Amino acid sequence: MTLSTQPLTRRRFISAAAAIGSTTLLVTACGGGGGATSAPSAGGWTIPTTDPTATINVLSHLGLKTDHMQDVVDAFEKAHPTIKVNFETVPFDSLASTIDARVANKDGSPDVYWADQPRISALAARGEAEDLTSAFSSYKSTFAPTAYDAGIYQDKLWALPIANSTQLLYYNKTLLKKAGLADPSASTDQRMTWEQLITDAKKAKDAGAQYGFLFGQFDRYYQLEPLAVQLGGSPGASGNGNLTPDFASDAWVKALTWYGSIFADGTAPKGLASEQTDPAFLGGRAAYMVEGPWLLPQLKTSKVDWGVAPQPVFAGGKPATPTGSWSLAMNPFSKQKEAAAIFLRWMAIDDGGGGYIKYLPSPELAASVEGKKVYFAKDVFSTPQGQDAAKIIDFETANTAVNRVSTIGYIEFETIMNQMYADVRNGADPKTSVDKSTAQLKTAWQKYQ
Amino acid sequence: MTTAPINVPVGGPAGEARRRGIGSRPMVTALLTAVAVVVSAAFILPAAWILIGSFRPTDDILSSMSPLSWQLFVPSHVTLDNYSRLLVDSGFSRALLNSAFVCIASVLIGLLVSAMAAYTLAVFRFPGRNLVFALVVISFMVPFEAIAIPLSQQFISWGLGNSLVGLILPGIGNGLAVFNLRQYFLGIPTSYREAAMLDGASEPRILFLLYLRISGPALTNSAVLIFLGQWTAYLWPLLVISNTRLQLAPVALASTFGERSADYGQNFAGTVLLALVPAVSMLVLQRFFGRLSLTSGEK
Amino acid sequence: MTALRTTPDRPEPLRRRRAGRRLELFWGAVFLAPVLVSLVVLRIVPAVGAISASLYKAFPGGIIPATYAGLQNYRSLFGDPNFNDTIVRTIVFNLIINPLQILVALLVAVLFVQRIPLVGLWRTLLFVPVTVPVVGSCIAWGAALNPEGPVNAIISALGGKPQPFFTSPGQALACIMVIASWIGIGYWMLFLVSGLQAIPEELYDAAKIDRAGPVRTFINITIPMLRRPLLFVLVADTVANFVLFVPVQLLTGGGPQSSTTLLMFEAYRTSYAYGSRNLGAAQVVLLTAIMLFFVLLQFRLLREEGES
């Protein structure tokens, strides 16, 4: 068949030209590393004395209805009628990457977002957080020291803490009685040792408990960092900017060996995911569990006869407990920084310890000193066990809390650490795992050297 | 131009349901049926567990997981609570409606656009045809996650953020659907088209009144491709939508797993609802398009 | 257009052929334009952007501008033994899972075009896993393959030894294969059933006359006639398995001991969790290149006469 070539040539040329043109456009755009050209106006704002009229976008993993944030938002809008809050919820697992992508859009939304405390250094180094030093550093004394320090990077403040955490040892009195075990003391002067705990937990399991011992969050650096610290190890990294892996020491190997051993003999379950641990204890199937204060309201409505004690320590070691929770950070590209600052201050500081703690219906351990008092006045601490818990929480947050390591490479660090813990839990040799993970982390951190 | 109807020759791929058995001996049939039952049962078991779980409280699901007992599949406490809380309290129903709208629109436009392109690639010969086909294949080989962030930034800068249009557009150009239809069209004898052209039909008439009419199965399969691609989209709506009222169902479902707790019961209820829509749509599409691979035409 | 004339006039038919040809090309352009524009703008151009991004280096996060670095990303990737392991692992994974899934899907499709009662029901049941959201599937399979879960209970009841499944570096990847296959086989079965039903009856009748058995019929008639849908299914399945990462993310996080760290999971983690988008882009470019190689192989294998 003969072909008429003229229309084809013209058509092909036009489409080819269009393709080349758009390709060039996108290559230059992508090569430059971003779309918008506006640079963030760092600083240059103060908290005004009169409220501006503005609408701010707030990004969180908490739901308005499911987590009762509607009450908090309503209280804020009542206190500051000219500022409207658009509260957006994203699934918890996607929060970190959503924040990265949204802030990198450079269009100023969201104005405020929930920041995980150990990640704040990384956020600041990436340019995703606004410098809050001039506006908020004067409020330093209103916060628990560890919570405030979590927001510090290169001597500047980048986020305000609104919540804190610690860990307690919960035990099921019925299951302990079945095994003939005495209730652990609630006094922080008489901590159990981990060694004793596992021996007792094994007895409880043999006497009929489905699970002898549970960590609230298996295979998480948050939960397990203090194990090595109790033995004298570092939080996991050291050196300039905490960018040198430091978890190959004897303390770390000893802690990991202990961790692997509790699964090897079945005292703690290998296959139980972290989301399933709370229901297991609340359902009366676990004898001992180390978990945070958020278990207390749920225990009130469960049928478990429970008691509480301080988190154990290694024999000969120094007590150390996990700590840290959420902070609020401001988008450096935000176009409503004054309004955002007012929101930040109201949430974390105003109204005697922060509006967040005051108006959130469920009890949340505050990062502010005043807020803690509000917290301990909540109903959940009215029972005898509740009072034990309150004393322990107060003591641990003030004395034994160790922050997670502060480094701009935190995300790679935590991912690799969690994998290492999981491998040890599944039976890998601790020394080999530690060496492999150190090598992996060194590779991942090359970009920061 | 003639207005005579286009004749479709009988036989070939457009024929009616055929019957063929390897042997009509009852023993062979019984054996094959037994195999079919076992295979189907094995496949459906995990999904059945989720279905049953959606009617149980979360604690019942978790406590029955281990140690193993018959309680794994038998609830000790049946409840509609998961569904009612999910649909009434958490805005999941609105997300479902959003998803349905986006997916149906994507399928309608996407099928049309894909069929036209597949026809051109299967039937016409022109220089650059292989280049175009290569572009189609490459388009579905590039993982979406690799281009999602820059593309979402583009969409937002074009003002398509927080819009249903912004959700529909990426689903329309589906290289897999084009590929699938092209393979099918290649199997339609060229004599049909030549006969139609002798009758004086134009290309659109040939495509829409001839090819599409005998391509029921391929159209339905491609519709499934496009529909499922959009129905299961998670990353794109997350990047492009910040207004909760416009969010899609998979993102809404992920919120059942929070920071410290996981509502398995609600998650399973949402999973069942999300699975139900494509499954039921498949059944409905079959009726509409007549003979279809899922329920008719044994060989 | 009027009826064809058969006079030996030379200019008329030639002009009509040219006009017909031009008309065909016109319609071709109209039909092709929407898909082409959409694919180019929404897939091809961003893909080229990703290739270009892989030639830059930047501080993680996407805000601090990137600087040109040439092939530095690729050099550092190939200099990392863990990354090379990941590439090998991904290729081996695909070499095993792709033929396996297609074979099983084909067998199931053949089974479900037989004359057995309620065949529509069986096909639908096999298709249901395709419709279940992947998070739900992973929870269900995570529970099933728990070392203390139902599958081990059945194995014990049958007299075998309980298996470690996801907790063992030797078995975790195989478990991922099982889950991916459970989800995907119904999908491919659908396309293959359509393909089987499109095979003309006359060919089978001819084979019966030749007294050919079921296996010979299958090899000499069914498979060659399935070439087109088989190519589609093979290519689509290859792509699906190369870009697989959600079950890994939800169930193993790449472990235990990196045994389930596939290339797409690694690229996703690098781009989205670590925020190193340029390095992640380099990983995706490599992934797509490897995928392209396999896909081209499949096109060659199932090529027909007159095509290329």
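The values are calculated or read from the model by the stated rules, or taken from the named source; none is laboratory data. Keep in mind that what you see is a predicted model, and the values were worked out from it rather than measured. Quick reminder, even Gly has a Cβ in these numbers, built from the backbone with ideal geometry, and neighbours come from all protein chains shown.
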(message) What's the total number of residues in region B:178-212 that are more than 9 Å from chain C (Cβ to nearest Cβ) and under 19 Å from the mean Cα position of the chain (by Cα)?
(response) 2
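It is to be established whether one or more residues within region A:255-267 are within 14 Å of chain B (Cβ to nearest Cβ), under 23 Å from C:Ala144 (Cα atoms) and either assigned to a helix (DSSP H, G or I) or touching a residue at least 12 places away in the same chain (Cβ under 8 Å) (or both).
yes
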(request) Test each condition in (1) at pLDDT below 90; (2) in a helix (DSSP H, G or I); (3) surrounded by 12 or more Cβ atoms within 10 Å (Cβ to Cβ); (4) more than 9 Å from chain C (Cβ to nearest Cβ) for B:Ile6 and report the one that comes out false. (result) (2)
(request) Please enumerate the residues belonging to region A:151-175 that are touching a Phe, Trp or Tyr at 6+ places or on another chain (Cβ under 8 Å) and among the hydrophobic types (A, V, I, L, M, F, W, C). (result) A:Ile152, A:Leu157, A:Leu160, A:Ile162, A:Ala163, A:Leu169
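Look at B:Ala42 and say whether it is modelled with pLDDT under 90, over 30 Å from C:Leu25 (Cα atoms) and assigned to a helix (DSSP H, G or I).
Spelling it out, B:Ala42 is indeed modelled with pLDDT under 90, over 30 Å from C:Leu25 (Cα atoms) and assigned to a helix (DSSP H, G or I).
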(message) Of all residues being touching a residue at least 60 places away in the same chain (Cβ under 8 Å) and more than 12 Å from chain B (Cβ to nearest Cβ) in region C:176-227, which is surrounded by the fewest Cβ atoms within 10 Å (Cβ to Cβ)? Just the residue, please.
(response) C:Met177
(request) Please determine, by comparing only the residues of region B:212-245 that are without any contact (Cβ under 8 Å) to a residue 40 or more places away in the chain and in a helix (DSSP H, G or I), which one is farthest from B:Ala279 (Cα to Cα). (result) B:Leu238
(request) Test A:Leu256 against the stated conditions and say whether it is touching a strand residue (DSSP E or B) at 6+ places or on another chain (Cβ under 9 Å) and at pLDDT 95 or above. (result) no
(request) Residues that are of a type in the set (Val, Ile, Thr) and more than 18 Å from C:Pro99 (Cβ to Cβ): find the helices (runs of 4 or more DSSP H) completely inside region C:181-246 holding 1 or more of those. (result) C:201-209, C:214-217
(request) Look at region A:142-183 and say how many of its residues are buried (at least 22 other Cβ atoms within 10 Å of the Cβ) and part of a loop (DSSP other than H, G, I, E, B). (result) 9
(request) Determine which single condition B:Ala201 fails, assuming it passes every other condition in (1) at pLDDT below 90; (2) part of a helix (DSSP H, G or I); (3) not basic (Lys, Arg). (result) (2)
(request) Read through the list (1) touching a strand residue (DSSP E or B) at 6+ places or on another chain (Cβ under 9 Å); (2) of a type in the set (A, V, I, L, M); (3) in the same structural domain as C:Thr270 (by TED's automatic domain parsing), then give the number of the only condition that C:Ile96 fails. (result) (1)
(request) Residue by residue through region C:22-66, note down the ones that are closer than 25 Å to B:Val137 by Cβ and in contact with a strand residue (DSSP E or B) (Cβ under 8 Å, 6 or more places away or on another chain). (result) C:Leu55
(request) Check off (1) at the interface with chain B (Cβ under 9 Å from one of its Cβ atoms); (2) within 23 Å of C:Met264 (Cβ to Cβ); (3) of a type outside the set (A, V, I, L, M, F, W, C) for C:Gly253 and give me the number that stays unchecked. (result) (1)
(request) Run A:Leu272 past the list (1) part of a loop (DSSP other than H, G, I, E, B); (2) among the hydrophobic types (A, V, I, L, M, F, W, C); (3) surrounded by fewer than 20 Cβ atoms within 10 Å (Cβ to Cβ) and report the number of the one that doesn't hold. (result) (3)
(message) Among the residues of region C:49-63, what is the count of those that are more than 7 Å from chain A (Cβ to nearest Cβ) and surrounded by 22 or more Cβ atoms within 10 Å (Cβ to Cβ)?
(response) 2
(request) Among what's in region B:102-149 and is of a type in the set (S, T, N, Q), at the interface with chain C (Cβ under 7 Å from one of its Cβ atoms) and under 19 Å from the mean Cα position of the chain (by Cα), pick the residue that is surrounded by the fewest Cβ atoms within 10 Å (Cβ to Cβ). (result) B:Ser139
(request) Please find, among C:Phe242, C:Phe293, the residue that is within 17 Å of the chain's Cα centre (by Cα), within 28 Å of B:Val224 (Cα to Cα) and surrounded by fewer than 24 Cβ atoms within 10 Å (Cβ to Cβ). (result) C:Phe293
(message) Condition first: surrounded by fewer than 23 Cβ atoms within 10 Å (Cβ to Cβ) and either charged (D, E, K, R) or not in a helix (DSSP H, G or I) (or both). Now tell me which residues in region B:163-180 satisfy that.
(response) B:Ser163
(message) Just to be sure I understand, how many residues within region A:391-449 are more than 29 Å from A:Gly307 (Cα to Cα), of a type outside the set (A, V, I, L, M) and not in a helix (DSSP H, G or I)?
(response) 7
(message) Looking at (1) farther than 15 Å from A:Ala444 by Cβ; (2) surrounded by fewer than 24 Cβ atoms within 10 Å (Cβ to Cβ), which one does C:Leu262 not meet, given that it meets all the others?
(response) (2)
(request) Determine which single condition B:Thr79 fails, assuming it passes every other condition in (1) of a type in the set (Val, Ile, Thr); (2) part of a helix (DSSP H, G or I); (3) closer than 30 Å to A:Gln70 by Cβ. (result) (2)
(request) Pull up region C:76-124, narrow it to residues that are of a type in the set (Phe, Trp, Tyr) and touching a helix residue (DSSP H, G or I) at 6+ places or on another chain (Cβ under 6 Å), then point me to the one that is nearest to B:Leu283 (Cα to Cα). (result) C:Trp122
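Give, as residue ranges, the helices (runs of 4 or more DSSP H) completely inside region C:1-102 that count at least 3 residues that are over 23 Å from the mean Cα position of the chain (by Cα), at pLDDT 95 or above and not aliphatic (A, V, I, L, M).
C:72-78
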